[in-house]
Each structure stands twice: as structure tokens, then as C-alpha cells.
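Student: Below you'll find the structure I mean.
The values are calculated or read from the model by the stated rules, or taken from the named source; none is laboratory data. The structure displayed is predicted, hence computed values, not measured ones. Please note: Cβ atoms are built from the backbone with ideal geometry, for glycine as well, and neighbour counts cover all protein chains shown. Remember, those area values only see protein heavy atoms, side chains included, never the ligands or the DNA or RNA. Shrake-Rupley method; radii C 1.70, N 1.55, O 1.52, S 1.80 Å.
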Amino acid sequence: MHVTRRKRGAPPATAPHLVQAVVKAVLRRRGVLLAVPLLYLSAILVLAGKWGLDGASPAVVVGVTAAFRRRHVPAPGSVYKSSQVFEKLWPMMEADSNHTNALKTAWHQKSGQTWKPCTNKRLTNTGLPPSNGYLIIEANGGLNQQRLSICDAVAVAGLLNATLVIPMLHLNSVWRDSSKFGDIFDEDYFIESLKNHVRVVKELPEDLLEKFDHNISSITNMRTKAFSSKSYYLQKVLPKLLELGAVRIAPFSNRLAQTVPPRMQRLRCLANFEALRFSEPIRLLAQKMVDRMVMKSHSLSDGKYVSVHLRFEEDMVAFSCCTYDGGIEEEAEMERVRERGWRGKFHRHGRVISPEANRRDGRCPLTPLEVGMMLRGMGFGNKTLLYVASGKIYNAKKYMAPLRQLFPLLETKETLASADELAPFKGHSSRLAALDYTICAHGEVFVTTQGGNFPHFLMGHRRYMYDGHAKTIKPDKRKMVLYLDNPHIRWDRFKRQMQDMLRNSDAKGYGLRKPNDSLYNFPMPDCMCLQPDG
């Protein structure tokens, strides 16, 4: 082996010279496999030369390498530290008796902001002309996505002067609820409430069924694009309806534009806020549960309670691609859930997933602990009655414990109703969601933690019920993660930040629908009229 010796008296090789020699060796050999380790070594040597480490011991070089490879410091709000913050603040929360009764002071009526429902006054009854045919739609998704499809179908049927067949509910692969329309909603009431404006029937007439061999799937499916306009339905769907006597649109979720003519909007109002009421079994149990919440809170806060929509189910945590404090085991478990539910969706070419960025951007579901800390900071004391609406909470034993510690008077469907009362609803997610929906609708305060159709519809319904104000806490999660990033934050400062967030929710409780907003979330001014004070 040929060895090149350094000439006597020649200066020692510096890091740049060694880098240059390494690069030349790579270029001569053109060895791809050799290039990577050599270039890595050259980077270390550059650092060694830069920091004056020529001739340093191997231990020093290893230290330099470790510094070179060390991860960057995450930006504020990137990492879940809420457990550490809670550990620091808990003694101060327990000792703090200087808080207001937030249930009595959360909301403020603004002068000139009293809105009242007025849909029926605005919809004129001029009699229905002969029907142009039958409209059949398939409502997909969970309870409130189905609700959206049903109400939009009423508006489209009114536009086309079609007879709406009671919508079919799609058996969703996620929700797995086999309920029919009549299991969730009161069919007869729905038909009766709409009779002066839209014809609704429970099924197609026998002669039309025979025409399609008693097979609904044989009826032409229009496969309408999302958010289609009035003109699309008149130009594309109506001619087919007149030709065939019946058309089908499946799926139908979000198949009607947000902005449509006033009469169509009023039909949406009538369907959602008046005609769609839950079936009798749901109504009866839900009312009992509301009464029990009022009774339990009567001596504490005049029958008022807080309801929380907690989106911390296993599928939601997995879909969000956020990380909490479960370490490698939790990450592996969530990866298995993602693969089971979405089969490679999160590993498609070019898709980059950053849990840190998701958290900073406010896309992570709040944990039960974070909800509890927020509410305590806002002034809701430990004697506040709390109702938690949710599916099965992920790792409930671990994650629900601190929320129960913060709010001992915590109720769920399972604690508020007996096992026998809930038995007919088990395995039917939409019926269980309807119970949650009703109890949340009647609470003095509603807290939304992750968005979605449930809070979207519920906030609109609460505006419709409560003179235009949603009475809803909608936290700014981008700010929340910053407040929960400092384990050394002082309790008085944390309280000020949470109370500012409550005031902001109060200020945004009212809101008029803008052109691209949903009427189901903002019923003013389409479904409600402004009333003079006094």
C-alpha cells in the first residue's frame, strides 16, 4: 500500500485541506456508496477547523458531531406541555377562591341585538302546483352531515317543485349506524311541517317503483358536484326529472351552494330549525337528561350548566396527526389507527406531516385537561356542573382523570342516564349524538374544542334559541398553545389570558351570515328578524 508522507517541516494539514482531499477522492473513485460517509466526515472536519479543534482528541470530535446532529429547538407552542403547566398551576387553582360565578356573567346582551325566529312569517303559502316528479337523495356522514343533506334537499325540492322522498341514510363505514330516518327524526312531523311549501312522501308510489323494477338503484343518479348553484339544478336536474319522473342524487352532502335565492334559504331555515325534530324516543330521554342537569345544578347556579363537545376520540386524535404525552407507544398506536381507517392516506408521495406545525396552527384537538384548565382560568369554579358530549374518549382513564379532578361535578350520557335507558341507543352513533346535541343545546354555556358539523349546527341552533347569541366558547387554539407552552407561567397571568378569550367568544356570539357562510351556523338574517329593544 502506498503511503504519502508529509515532508519534514511542512505545516500540518488543516481541515479545509482535508475536505479538499476527501472531495477529490470521491470524484476519482466515483463511488456513490463511499460519497455519503466521506462527505459526512468532511462536514465534521470543517466544524473542527472552524472551532479551532485541529488535533483535538476523539472525544472532542464526538462532542462536535453530537452538537452538529442535535435537533433544533421547537418553536413556541409546538410541543404538548399542558401536563407540566397543570402540575405547576394546580396548587394555585385549589387555593384560588377569588373567582366570579362565570355562569352568571359569561354573556352580555348588546343593545339592539335581540333577534327572533321569523321563518314562517316570511314564507308565503300560495298553494303547490302539480309536482314535476320525485327527488330521492342519500344523506351520508354522521348525524349533522345527514341533517345538512336533508335540509338542502328540502330547498332543492322546493326549487324544482319536486316531491321529496324521505331521505335514505347512508351506512357510513366510520359511524356504522344502521338507523333509518324515522329512527332519528320524527317523520310525520317533518312531513306535516313542510306540507304547505314542499311535498314529502315516505316512499315512491307503486307504479313508479314498477317502472324501475322496484330497485331504487335503477333510477338515474345525477352525481351532482359540490356546492352546485340554482341554475345547475334548473338546467341539468329539472329536465331529467320531467323526462323520467324521478331522479336520484347520491351522495348529497354539500351539493347545494351556500348562497341561493331567499325562498330556498327560508326553506332551509324551516327544515332545520322547525321541521326536523328528533324522534319521540330520543326526545323523551333527552328531556329527562336535561331536567336532571337542571335539577343537579339548581342549588349551585340556578339550574345553569356548562356543556363541552370533547373531540378526543381515538379516530380524531389519529386523524389530526398530533402528538401528546404518550411517547413512542402512543405514536405507534395512532399510526396503526390511521392505517386501519385510511389505508395509506397519510403516506402518499409528497405528503409531509408535522405534528409540531399542526399544534402551532391550532389543528390539534384539545385534551380534556386543556379544556378543564381553560374553564377554570375563565372563572368556572369546581362546583360548576359540566356535561361532556363525546364518543369514546381515547385512553379515557389517563386523559379524563385531570378533567374530573378540576370539575368533580362532571356528567356524561353514561352517568346521567341508566344503562336500561341507554340500551335502545347502543350501537347507534347518530341516536347517541342526538342525545348529546339536545343536552348541549340547553346548557347556559357550550364549549367547542375542534370544529366539525356538531358545533357548526349547534352554534346556529343556539343562536336561533337564544335571541341571536350562540352562548358558545370557541377558543383560539393558536393562542392557547402559546399560553400552555410555559410550565412556569403564573396563575394570575394565565387567568387573564383565559378571561380575555371568554370575552372574545362573547363578542363573537352574534354574527350575520356573510355570502359564503353557512345558514346553519349563522341563521341571521335569513331565519331571524331583528326586534326593537323593550
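Student: Pairs of Cα atoms under 8 Å, at least six residues apart: use those to get the relative contact order of region 439-516, whole percent.
Tutor: Rounded, it is 31 percent for region 439-516.
Student: Measure out, as a whole number of angstrom, how far apart the alpha-carbon centroids of region 85-161 and region 174-205 sit.
Tutor: If we compute the Cα centre of each part, the gap is 19 Å.
Student: Report the label-to-label distance for ARG223 and ARG363 in nanometres (one decimal), using points 7 Å from each Cα along the Cα→Cβ vector.
Tutor: In this crude spin-label approximation the distance works out to 3.0 nm.
Student: To continue, here is another question. First select every other residue whose beta carbon is under 12 angstrom from the beta carbon of THR224; then total the charges, Lys and Arg +1, Asp and Glu -1.
Tutor: Here the charged neighbours net out to +4.
Student: How much length, in nm to one decimal, is gained on full extension between ASN196 and ALA75, taken as 0.36 nm per residue of separation minus their Cα-Cα distance?
Tutor: 37.7 nm
Student: Got a sec to turn the phi values of region 416-430 into Karplus ³J(HN,Hα) couplings, 6.51 cos²θ - 1.76 cosθ + 1.60 with θ = phi - 60°, whole Hz, x for Gly and Pro?
Tutor: Karplus-based 3J(HN,Hα) across region 416-430 equals 8, 10, 6, 4, 5, 5, 7, 3, x, 9, 4, x, 10, 4, 5 Hz.
Student: On a straight-distance basis, which lysines could pair with LYS225 in a cross-link, Cα separation under 19 angstrom, same-chain partners fewer than 8 positions away excluded?
Tutor: Excluding near neighbours in sequence, the set is LYS236, LYS240.
Student: What distance in nm lies between label points placed 7 Å from Cα along the C-beta direction at GLN258 and LYS296?
Tutor: 3.7
Student: Still on this model: Note down the accessible area of PHE522, probe 1.4 Å, to the nearest 10 Å².
Tutor: Answer for PHE522: close to 50 Å² accessible.
Student: Okay, next question. Give me the distance between the Cα centres of region 443-462 and region 321-397, rounded to whole Å.
Tutor: Answer, in whole Å: 18.
Student: Next question, about the same structure. In nm, to one decimal, how far is the ARG351 label point from the GLN235 one, both placed 7 Å along Cα→Cβ?
Tutor: 3.5
Student: Figure the gain on full extension for ARG496 and GLN113 (residue separation times 0.36 nm, minus the Cα-Cα span) and round it to one decimal in nm.
Tutor: So the extension gain works out to 135.2 nm.
Student: Between their Cα atoms, which of LYS121/LYS202; LYS397/LYS479; LYS104/LYS477; LYS288/LYS413; LYS296/LYS383 are more than 18 Å away from each other?
Tutor: LYS121/LYS202; LYS397/LYS479; LYS104/LYS477
Student: Follow-up. What residue among PRO205, PHE273, PRO262 has its Cα farthest toward the positive end of the dipole of region 134-274, where the charges are +1 on Lys, Arg and -1 on Asp, Glu, each on the Cβ?
Tutor: Projecting each Cα onto the dipole axis, the largest value belongs to PRO262.
Student: While we're on this one: Quick check on packing: order 359-372, 382-395 by the mean number of other C-beta atoms within 10 Å, highest mean leading.
Tutor: 359-372, 382-395
Student: Residue separation times 0.36 nm, minus the C-alpha to C-alpha distance between LEU512 and LYS392: what's the value?
Tutor: Additional length available on full extension: 39.7 nm.
Student: If you don't mind, there's one more thing I want to ask. HN-Hα J couplings of region 471-486 from phi, Karplus 6.51/-1.76/1.60, θ = phi - 60°, integer Hz, Gly and Pro as x?
Tutor: The phi angles translate into 6, 10, 8, 10, x, 7, 6, 5, 6, 4, 5, 6, 5, 9, 8, 10 Hz.
Student: In region 134-274, if the dipole is taken from +1 on Lys/Arg beta carbons and -1 on Asp/Glu beta carbons about the Cα centre, which of VAL247, TYR232, ALA162 is farthest to the positive end?
Tutor: Result: TYR232, furthest along the dipole toward the positive end.
Student: Beta carbons within 10 angstrom, averaged per residue: use that to sort the peptides 76-83, 207-214, 488-495, highest first.
Tutor: Those peptides, ordered most packed to least, come out 76-83, 488-495, 207-214.
Student: Please list the non-local residues whose amide H lies under 5 Å from the amide H of ILE473, H modeled 1.01 Å from N, same-chain partners needing a gap of 5 or more.
Tutor: Correct list: PHE446, VAL447, THR448.
Student: What are the residues whose amide H is under 5 Å from the amide H of THR114, where those residues sit 5 or more places off or on another chain and H is modelled from the backbone?
Tutor: Placed amide hydrogens put GLN531 under 5 Å from THR114.
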